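Have a look at the structure below, then the notes.
The values are calculated or read from the model by the stated rules, or taken from the named source; none is laboratory data. Everything numeric here is computed off the predicted structure, so don't read it as measured data. Cβ placement follows ideal geometry from the backbone for every residue including glycine, while neighbour counts extend to all protein chains displayed. Only protein heavy atoms, including side chains, enter the accessible area calculation; ligands, DNA and RNA are left aside. Shrake-Rupley method; radii C 1.70, N 1.55, O 1.52, S 1.80 Å.
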Amino acid sequence: MLSLTPSQIEQLITQAQTCYPEECCGLLLGHNKTVREIWPTENTWTLEFSQGMPELLPPNPQAQSRHDRFAIAPTAILKAQKYARTQDLAIIGIYHSHPDHPAIPSEYDRVIAWDIYSYLILSVENQQVTTYRSWQLDGDRQFQEEPIQINS
Ligand SMILES: [Zn+2]
């Protein structure tokens with residue numbers, strides 16, 4: 001179970017709608033599945049990112065599209081980690097949006113996922129967030145949905 005506040009959800013929805021039609025992404029900082037801070041990051045996906053993994057190329061690689069791919073730069077993760085430590089927090093999850101797609105992880109999402117994190121996905125249609133769902137890898141590296149709890 002992943003726990004967030006209404007204002008954190010509001011922040012995620014605003015970011016997802018602002019980035020549309022590109023994917024937004026960022027980190028969830030907190031403790032034991034309780035989110036304390038949202039840490040937005042830039043979507044730094046480029047074609048090179050998937051080059052070494054041909055099976056992960058987007059349907060139309062020429063488009064070099066952040067519409068259906070996201071990447072968080074390792075330097076951005078390090079920066080968040082450093083900050084989190086000063087606040088006695090840790091990175092507990094990664095969120096991103098799915099423009100015009102359901103809030104279900106793609107094969108790309110699965111391959112790049114770490115099993116220690118929650119993966120929150122927001123579905124955006126016509127610039128409006130319609131749903132958000134959270135997922136975590138199981139022992140077989142398959143995503144299982146985890147419930148989201150909203151408490152203020
Ligand atoms: Zn995705």
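Annotations
- With a cut-off of 20 Å on the backbone N, the residues of region 5-24 near the modelled label site 7 Å out from SER152 along Cα-Cβ are 5-14.
- Charge dipole (the chain, unit charges on Cβ, about Cα centre) - positive-most of ALA71, VAL35, PRO99: VAL35
- HN-Hα J in Hz across region 102-113 - Karplus 6.51, -1.76, 1.60, θ = phi - 60°, x for Gly and Pro: x, 7, 10, x, 8, 4, 4, 4, 5, 5, 8, 7
- Vicinal HN-Hα couplings computed from phi for region 70-80 (Karplus, 6.51 cos²θ - 1.76 cosθ + 1.60; Hz; Gly/Pro x): 9, 8, 10, 4, x, 5, 5, 5, 4, 4, 5
- 3J(HN,Hα) along region 132-141: 9, 9, 10, 9, 9, 5, 9, x, 9, 6 Hz, from the Karplus curve 6.51 cos²θ - 1.76 cosθ + 1.60 with θ = phi - 60°, whole Hz, x for Gly and Pro.
- Per residue, the chain exposes 53 Å² of accessible surface when a 1.4 Å probe is rolled over the protein heavy atoms with every protein chain present.
- Protein heavy-atom surface of the chain, 1.4 angstrom probe: 52% of the accessible area is carbon and sulfur, with nucleic acids and ligands not counted.
- With respect to the chain, whose longest principal axis is taken over its alpha-carbon atoms, helix 6-19 is tilted by about 20°.
- Peptides 15-23, 40-48 ranked from most to least packed by the mean count of surrounding Cβ atoms within 10 Å: 15-23, 40-48.
- Here is how the number arises for the chain: DSSP H runs of 4 or more residues each give -39500 (n - 2.57), the sum is divided by the residue count, and the result at 222 nm is -7000 deg cm²/dmol.
- Max mean-square fluctuation residue, GNM over the chain, Cα-Cα springs under 10 Å, options VAL124, VAL35, VAL111: VAL111
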